[in-house]
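The values are calculated or read from the model by the stated rules, or taken from the named source; none is laboratory data. Note that the coordinates shown come from a computational prediction; the quantities given were computed from them, not determined experimentally. No Cβ is skipped: glycine too gets one built from the backbone with ideal geometry, and neighbour counts run over all protein chains shown.
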Amino acid sequence: MNLREKADYIENHGSFDDLNDFIFELYSKNDIEAIDIIIQLATSNYGGETYKSELQYTALAAILHWGVVGIQKLGIVVMSSPYFSVKKNTVVFLAHISSKSLDQSILIQSRLDCVKFVNVFNDTHKSSDLVLESRKVMIEIITTHKGDILPIEFITALQSYYCAEAQEHIFIALISRWFKFSRSGLSQFYDLINSPDINNEATFHNFIKKNPFLLEPFHAKIWSKPRFGEALVPDFLVQSMDNNYTVIEIEQPGFSIMTRAGELSAQTTHAKRQALDFRSWAIDNRLYADQQFKGIYRPYCLVVIGRESDLNELQARRLRQENESTQGVLRIVGFDWLYNRAKTTLENMLISGFEKNDE
């Protein structure tokens with residue numbers, strides 16, 4: 001039998017000993033096909049076998065042999081898997097790597113030679129590269145899973161007998177799902193705002209509506225096209241966690257923020273005027289506005305237009321001066337500013353958000 005046929009046999013008829021011997025064969029081959037097959041075994045349902053979780057976890061442990069590359073390829077396959085047990089077990093496995101507690105996993109069949117070979121006690125599995133990639137993939141699996149905002153299936157992972165450190169990391173990843181953080185969404189946004197062929201404002205509006213973390217990573221609520229009275233309809237209204245409100249007017253990334261002379265462009269001036277009109281309405285109609293948006297008063301304004309990376313030194317300086325002149329009431333930013341802020345937030349969450357500060 002070739003490797004694929006052997007893998008199919010193990011999925012349907014194999015034992016732990018068969019899996020153990022086959023994994024050593026994959027270790028020896030140590031190429032792309034070997035990685036693909038070990039991931040196939042890690043994400044197999046094993047015909048509903050009673051011990052499928054233990055079989056899956058044995059193959060998951062073997063993926064450590066391929067380090068970061070193995071984790072990356074695992075994530076791609078797991079995100080499209082129809083089996084929830086695969087997603088749950090992978091998340092738990094990644095949470096143990098993320099929390100540097102792999103040696104405390106109760107599911108790893110440490111008696112098997114193929115698991116002993118990768119040595120879960122080895123500090124190599126606590127390297128910053130492997131830990132960071134495991135966090136990225138874990139968050140992406142949880143945030144892209146279809147279903148309730150807090151899927152009961154992942155909640156059960158918090159109630160199982162895994163170590164406390166791994167449970168905490170699963171919980172943090174669930175928070176990312178709550179705020180709809182998404183690496184893939186961030187990547188798609190980057191491509192969208194840098195595409196020269198898209199000049200329809202509705203396209204950008206609808207994308208941001210589906211990925212609200214781009215507007216405010218940690219928000220209480222976001223409204224798309226809320227009505228301010230009978231005639232005024234801003235693009236977005238954001239309620240922050242501290243109950244401050246921000247009216248947001250978006251244009252297009254292809255528009256110029258500034259003229260060559262360093263003045264606000266006509267499109268920017270128009271968007272600024274609109275945002276301030278929305279703010280004035282909320283101030284002048286405070287009681288009425290408060291019925292729709294509890295606690296709103298003197299909202300901040302944000303205009304999103306163009307790309308700041310397109311500005312020369314003079315234009316960038318004039319934009320800073322313009323923003324400083326409003327004393328925080330109104331800010332004009334590029335679409336790439338939204339991207340960079342969301343990217344930084346996600347990166348900081350991956351690096352610092354998972355680390356406890358007991359001081």
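Could you list all residues from the stretch 331-352 that are assigned to a helix (DSSP H, G or I), β-branched (Val, Ile, Thr) and closer than 20 Å to PHE189 by Cα? Matches in the stretch 331-352: THR344, THR345. Among all residues of the stretch 134-153, there is none that is more than 14 Å from VAL91 (Cα to Cα) and in contact with an Asp or Glu (Cβ under 6 Å, 6 or more places away or on another chain). Among the residues of the stretch 59-77, the ones that are more than 23 Å from the chain's Cα centre (by Cα) and closer than 21 Å to THR156 by Cβ come to 0 in all. The condition of being part of a loop (DSSP other than H, G, I, E, B), modelled with pLDDT under 85 and not acidic (Asp, Glu) holds for only one of ILE175, ILE149, that being ILE149. Number of residues in the stretch 78-105 that are over 12 Å from ALA61 (Cα atoms), in contact (Cβ under 8 Å) with a residue 24 or more places away in the chain and over 20 Å from the mean Cα position of the chain (by Cα): the value is 5.
If we scan the stretch 65-87, do we find a residue that is under 24 Å from LEU174 (Cα atoms) and among the basic types (Lys, Arg)? There is at least one residue in the stretch 65-87 that is under 24 Å from LEU174 (Cα atoms) and among the basic types (Lys, Arg). For the criterion of being basic (Lys, Arg) and either closer than 17 Å to PHE335 by Cα or within 16 Å of the chain's Cα centre (by Cα) (or both), LYS221 fails. Answer yes or no as to whether ASP113 is exposed (fewer than 15 other Cβ atoms within 10 Å of the Cβ), farther than 15 Å from GLN72 by Cβ and in contact (Cβ under 8 Å) with a residue 60 or more places away in the chain. The answer is yes for ASP113. Contact map, the stretch 210-230: residues that are among the small types (Gly, Ala, Ser) paired with residues that are part of a helix (DSSP H, G or I), Cβ distance under 7 Å, separation 6+ or inter-chain. Pairs shown: SER224/LYS209; GLY229/TRP281.
Tell me which residues, restricted to the stretch 29-86, are assigned to a loop (DSSP other than H, G, I, E, B) and surrounded by 18 or more Cβ atoms within 10 Å (Cβ to Cβ).
Matches in the stretch 29-86: THR43, SER44.
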